[in-house]
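Below is one structure, written out as structure tokens, with a few remarks after it.
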Amino acid sequence: MQKPIISADSHITEPPNTYIDRIDRKYKDTAPHMIHDEKLGDVFIVKDFPRPINVALAAAAGKDASELRTIGAKFSEMHKGGWDPNARMADQDRDGVAAEVIYPTVGMILCNHRDFDYKKACFDAYNLWIGEYCATHPDRLIGTGQTAMRSVEEGISDLRKMKELGLKGVMMPGNPALEDYDSPIYAPFYEAAIDLQMPLSFHILTSSSDNFQTRGPKLNSFLSIIRG
């Protein structure tokens, strides 16, 4: 008998209302939100980011190359399973996947935001949404939450809140607000993660140090995206 296949790195596509419907009221007017740009298509606008986040290519798995559009793509044209958990079940069945560990897409880029208070508000909102998404099929949708890591104590509190939401792990930001992750100050956080059985995951593109400038072919730069 074939053992069940579990994807260890799957992503959702945040729907337009992910943040604005759930964020702290203080950030309601500046929350990440989707607009339609005549040239770029449906993109997310994030406070203080110089460019919008185009999620079309990030939601392109399984599409033929001729279908991919870097500009002009509409949210409705992207995989419905990216935001509809029931549609996701059909995707899993088609691909022979029994379950998936779920990561964000816009939230991955938000890890690089310089305003930790804003980032905290965004991640709290996202955790509520991904908790709702994964709760529909908790045995097959293994949600990972987000923490801004403004402090060790708050990180521990975030772990507990994510656990209460039914999330099964955490996608860590590449750069915490305080010292780097090898500092002894994080020992209580790591111990809490173990006690709560909340695995910590580090993902590419979540660190301000991800875009190294290297010599030689572009592949060298791509392979250096490891800090996150």
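The values are calculated or read from the model by the stated rules, or taken from the named source; none is laboratory data. Here the structure is a predicted model, which is why all the values come from computation and not from measurement. Cβ sites come from the backbone with ideal geometry, for glycine too, and all protein chains shown count toward neighbours.
Below are the figures for this structure:
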| item | result |
| --- | --- |
| Number of the exception - ILE109 against (1) within 13 Å of the chain's Cα centre (by Cα); (2) surrounded by fewer than 20 Cβ atoms within 10 Å (Cβ to Cβ); (3) in a strand (DSSP E or B); (4) β-branched (Val, Ile, Thr) | (3) |
| Search result, residues across region 176-190 that are over 30 Å from ALA99 (Cβ atoms) and out of contact with any Phe, Trp or Tyr (no Cβ under 7 Å at 6 or more places or on another chain) | LEU178, GLU179, ASP180, ASP182, SER183, PRO184, ILE185, ALA187, PRO188 |
| Test for THR136: is it surrounded by fewer than 17 Cβ atoms within 10 Å (Cβ to Cβ), in contact (Cβ under 8 Å) with a residue 12 or more places away in the chain, of a type outside the set (A, V, I, L, M, F, W, C) and closer than 26 Å to PRO199 by Cβ | yes |
| Residues of region 44-80 that turn out to be of a type in the set (A, V, I, L, M) and either in a loop (DSSP other than H, G, I, E, B) or surrounded by fewer than 15 Cβ atoms within 10 Å (Cβ to Cβ) (or both), as a count | 10 |
| Single match in LYS119, LYS74, LYS163 (criterion: modelled with pLDDT under 95, of a type in the set (Lys, Arg) and out of contact with any Ser or Thr (no Cβ under 8 Å at 6 or more places or on another chain)) | LYS74 |
| Residue check for ILE130: in contact with a strand residue (DSSP E or B) (Cβ under 9 Å, 6 or more places away or on another chain) and either at pLDDT 95 or above or farther than 21 Å from TYR27 by Cβ (or both) | yes |
| Boolean, ASP29 is more than 23 Å from ALA135 (Cα to Cα), in a loop (DSSP other than H, G, I, E, B) and touching a residue at least 40 places away in the same chain (Cβ under 8 Å) | no |
| Which numbered condition GLY41 misses (of (1) buried (at least 18 other Cβ atoms within 10 Å of the Cβ); (2) at negative phi) | (2) |
| Condition met for TYR133 (more than 14 Å from SER201 (Cβ to Cβ) and either in contact with a Phe, Trp or Tyr (Cβ under 7 Å, 6 or more places away or on another chain) or among the aliphatic types (A, V, I, L, M) (or both)) | no |
| Condition broken by THR214, with the remaining ones in (1) modelled with pLDDT of 95 or more; (2) farther than 19 Å from MET108 by Cα; (3) of a type outside the set (Phe, Trp, Tyr) satisfied | (1) |
| Extreme residue, nearest to GLY145 (Cα to Cα), among residues of region 167-182 that are part of a strand (DSSP E or B) and free of Cβ contacts under 8 Å to residues at least 60 places away in the same chain | VAL170 |
| Test result for ASP91, buried (at least 16 other Cβ atoms within 10 Å of the Cβ), outside any loop (DSSP other than H, G, I, E, B) and either on the phi < 0 side of the Ramachandran plot or of a type in the set (Asp, Glu) (or both) | yes |
| Count of region 24-44 residues which are over 16 Å from the mean Cα position of the chain (by Cα) and more than 16 Å from GLY82 (Cβ to Cβ) | 13 |
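Per-residue answers, yes or no, for (1) over 30 Å from LEU178 (Cα atoms); (2) without any contact (Cβ under 8 Å) to a residue 24 or more places away in the chain:
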| position | (1), (2) |
| --- | --- |
| ASP37 | yes, yes |
| ALA60 | yes, yes |
| LYS63 | yes, yes |
| GLY72 | yes, no |
| MET89 | yes, no |
| GLN92 | yes, no |
| LYS119 | no, no |
